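> This is the structure, below, for whatever I ask next.
Since every read-out is calculated from the coordinates, none of them should be taken as a lab result. Treat the numbers as computed from the prediction; the structure is a model and nothing was measured. Glycine also receives a Cβ, built like all others from the backbone with ideal geometry; neighbour counts cover every protein chain displayed.
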Amino acid sequence: MSPADGGFFGLAGDVALTPDLAIILPGGRTLLALSQLRDALPRRGFCNDAPWQALCWPVQDGRAGLALVEAPLVAAGWLRGPAGEELEIAPPRNIDVAPAPLAEFVRRIGLSRRQVSDFLIDTLIGPRDGRTQPGHRDFVASFLSLACETDGFVEILACPDTGGLFAQGWALSLAAGRHSLGRLTARLEFHDSDVAVFARQDIPAPGMGFCLFSLGCRGADLDALDCLFYEQDGTLKRLEIVRGTVLKLRGEAAADHVRQMLPRLAGDGKVMGIHRRICRPRYGGIDTLSLTPLPVAAAFDTVFEAPSGGLLATGWLLDPLRRVGRVIVKSTAGLYAPLHDRWNPLPRPDLNDGFANDPRFARLLDAADSMHGFMAFAPGKPRQGDEEFYLELVLDDGTCLFRPLTITRLDGRDLLPQILAAMPLHDPALDLIVKNTLAPFLAALPARPKNSRAAQRPLELSADAGEITAVIPLTRMDHLQPMMALLAGTSEADRLDLVIVMARAEAGRAATRLKDLFAFYGIRGRLLLVADQTSLCDRIEAGLSLAAGARVLIWSPLALPATPGWLGLLEAELAGLGTPGLISPTLVYEDGSIFYGGDGAADGGNPMLGYPRGWLTQGAPCPMPAGAAQLALIDREAMAEAGGFAGALYSDALLHRDLARRLHAAGFGTWSSRNVDFWTLEDPQGSPDAKTHLLETVDSALLVHTAAIEAGERF
């Protein structure tokens, strides 16, 4: 194993390194083949004054490898490693210009053809100053042809209208099923390929005829293909393409040929289904669904497209005889988005009445069955220019019905009200629909832009400002007075600059009253008025725009200080943390039980919720999954690196959790102080309305969705 830094462990004493083979390449580069190495070669270095790249692999008698020198090397030289180590290189035992000796070396030593091919492609065909030397691709192609085992021949190549590559021929060991199929372009590209086999009387056993199809090989140039490769048990095998003898088919001619071959093919259900799809009718721009005499009808109410290409579809399917097997959204640029295996069924009783007089559905509709609607999310891909979208219904006999689609592309959140209007707010499966359908789509929409317009200038409530800004979103004046009474005469009153953020309708004559209160209690601050419909998040953002200094306090007036000198204690604890981000105090209910706080557990939830405050020992701050929504002292630099206070959520209930997630992703922490207590008061606001509850459900699902993505899981 090579050292992690690409260096080498040192080769034997004063023995010179003698290459088995040196191949002089076009452009004056040299490819060295070396065996019987005791230790790994340096991955990078210099041979004389020319750059050197190398790769080694373990073999039976030690190690063997390849090295590329950016200069001709036919005599002795010196290799210098990355740390200045030097080793003499003796003249090569053999010198050549063709790939055949290299192929023989690889076979004799027992190196992996795939690994050697990858090295050659990376060093010879990969970009070097943006250019590839003439002849290098031919060298790699010839090496692959010589080094890989010939397993069979391709006799027919086709590009059907489905896209992808179809090939037919015979092989000695290519079995039915899924294989990794390779072709040499600018690189050795491998794509999944599905293989079916058929008997060939003219091929001796164990040879069989094969038909393979690879959708990943889109845009293949049939005239430029030299051979195909597939990997079996770690060995690359070659399917030869003899130019001038191969039949080449395209479009409908390709589909007709596959259709004729289907009765002869053998393979599992998935492989046979893929080959049958090649022969299916293709969309020709005509609405055949509306013209069908069959008892099948379908339509979309809306189809929205995210910038990433994901689709959110709401519609219905009327299919009383259960003839439809698959429902797919497709495009002329290759989009394939199946909906039938991921939709959430919804009731649509109106369709029973609407189609009651349609002769196609006479005596087929059951009034007790109204689950004809659906909502579905399907991952997609960004648009490929002016592609045309359509619906494809695949019936149980393999025939298809088509209907053109209009898809609404979203670049932001402007149409969110229209999306939410389609949600079944009172459906018992609403949470599941949000998790599986709405959340993954909304996660792909960009966050709302920051408000670039200058907010109204704040109204000064005191003659001068404090050194630490405390942003206080306020909805009711009577919430503020207990806070101010507890601040009066404290060190915090001298240091804090309270930014009171209120909506205009809530403020009324608050400015005059606040000036009197601030003067009476000896407190510094300002009043910032915002529009009436401004969300909590935007109110806090507006207040943060006035902040100065290294830290800022976000403070709900429902949290009241219970520990003297609390601000200095929180500052000192935050400054002493290795990964500062934010710190919150322990929040305690009026009965003395813990609302927020922990004892070092940061694996989710609130570890000591409901426990008596006395059970929480004093000591160093504890890591927590998130700060408290009611109060947090935040490092402004950390918050800026995390993307600011506002994230990509749609409601206000989980803002603190979203900020914590982004702080953690940026390398910062969220902490709870065990030495500072605040009382927390409950605000009896009642249950949220249906829309607010929906958005909070969306945000909860979004946080789970984002965490799964960051953990490398599939949502």
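> Pull out a ≥ b ≥ c, the square roots of the eigenvalues of the alpha-carbon gyration tensor of the range 25-113, then state rounded if a/c is under 1.5, prolate if not and a/b is larger than b/c, and oblate in the remaining case.
oblate
> Using only the Cα atoms, work out Rg/Rh for the range 350-501, with Rh taken as the Kirkwood radius, to two decimals.
1.23
> Among the DSSP beta bridges whose two residues both lie in the range 148-279, what percent are antiparallel, rounded to the nearest 5?
80 percent
> Next question, about the same structure. For the chain, what relative contact order do you get, as a whole percent, if you take Cα pairs closer than 8 Å and at least 6 residues apart?
Relative contact order of the chain: 7 percent.
> What is the magnitude of the charge dipole of the chain about its Cα centre, with +1 placed on the Cβ of each Lys and Arg, -1 on the Cβ of each Asp and Glu, and no other charges, expressed in debye to the nearest 20?
Roughly 1280 debye, rounded to the nearest 20.
> Please rank Asp221, Asp20, fewest neighbouring Cβ atoms within 10 Å first, as an exposure proxy.
The order, fewest Cβ neighbours first, is Asp221, Asp20.
> Rank these for me by crowding, Tyr390, Tyr611, going from fewest to most other beta carbons within 10 Å.
Least to most surrounded, the residues fall as Tyr611, Tyr390.
> What shape does the range 88-222 have by the C-alpha gyration tensor, where a ≥ b ≥ c are the square roots of the eigenvalues, rounded means a/c under 1.5, and otherwise prolate means a/b greater than b/c and oblate the rest?
oblate
> If we count other beta carbons within 10 Å of each Cβ, what is the order of Tyr283, Tyr230, Tyr521, fewest first?
Neighbour counts put them in this order, fewest first: Tyr521, Tyr283, Tyr230.
> How long are the semi-axes of the equivalent ellipsoid of the range 522-658, defined as square roots of 5 times the Cα gyration tensor eigenvalues? Whole Å, largest first.
Equivalent-ellipsoid dimensions as semi-axes: 25, 17, 17 Å.
> For the peptides 319-327, 499-507, what is the packing order when you average, over each peptide's residues, the other Cβ atoms within 10 Å and list the highest mean first?
499-507, 319-327
> Same structure again: Largest first and to the nearest Å, give the Cα extent of the range 219-369 along each principal axis.
On the principal axes, the range 219-369 reaches 63, 38, 33 Å in Cα extent.
> What order do you get for 631-641, 340-350, 190-200 when each peptide is scored by the mean count of other beta carbon atoms within 10 Å, highest first?
Ranked by mean Cβ neighbours within 10 Å, highest first: 631-641, 190-200, 340-350.
> A follow-up question, please. Just from its helices, what would the mean residue ellipticity at 222 nm be for the chain, if runs of 4 or more DSSP H residues each count -39500 (n - 2.57) and the sum is divided by every residue, rounded to the nearest 500 deg cm²/dmol?
-6000 deg cm²/dmol
> Could you sort the peptides 394-404, 612-622 by per-residue average Cβ neighbour count (10 Å cutoff), highest mean leading?
Result, highest mean first: 394-404, 612-622.
> Under the Kirkwood approximation applied to all pairs of distinct alpha-carbon atoms, what is the hydrodynamic radius of the range 212-265 in Å?
13.3 Å
> Still on this structure, I have one more. Quick one: the Cα spread of the chain along its three principal axes, in angstroms, biggest first?
Principal extents (Cα only, largest first): 100, 91, 47 Å.
> Please report the base-10 log of the normalised intensity I(q)/I(0) for the range 148-279, using a Debye sum with one equal scatterer per alpha carbon and no solvent, at each q in 0.11, 0.14, 0.19 (1/Å).
Values returned for q = 0.11, 0.14, 0.19 Å⁻¹ are -0.33, -0.54, -1.08.
> If you don't mind, another one. Tabulate in residue order the Karplus-calculated ³J(HN,Hα) for the range 93-99, using 6.51 cos²θ - 1.76 cosθ + 1.60 with θ = phi - 60°, rounded to whole Hz; enter x for Gly and Pro.
Each residue of the range 93-99 in turn: 5, 9, 10, 8, 10, 10, x Hz.
> Here's another thing I want to ask about it. In square nanometres, what is the average projected area of the Cα convex hull of the range 467-601?
9.1 nm²
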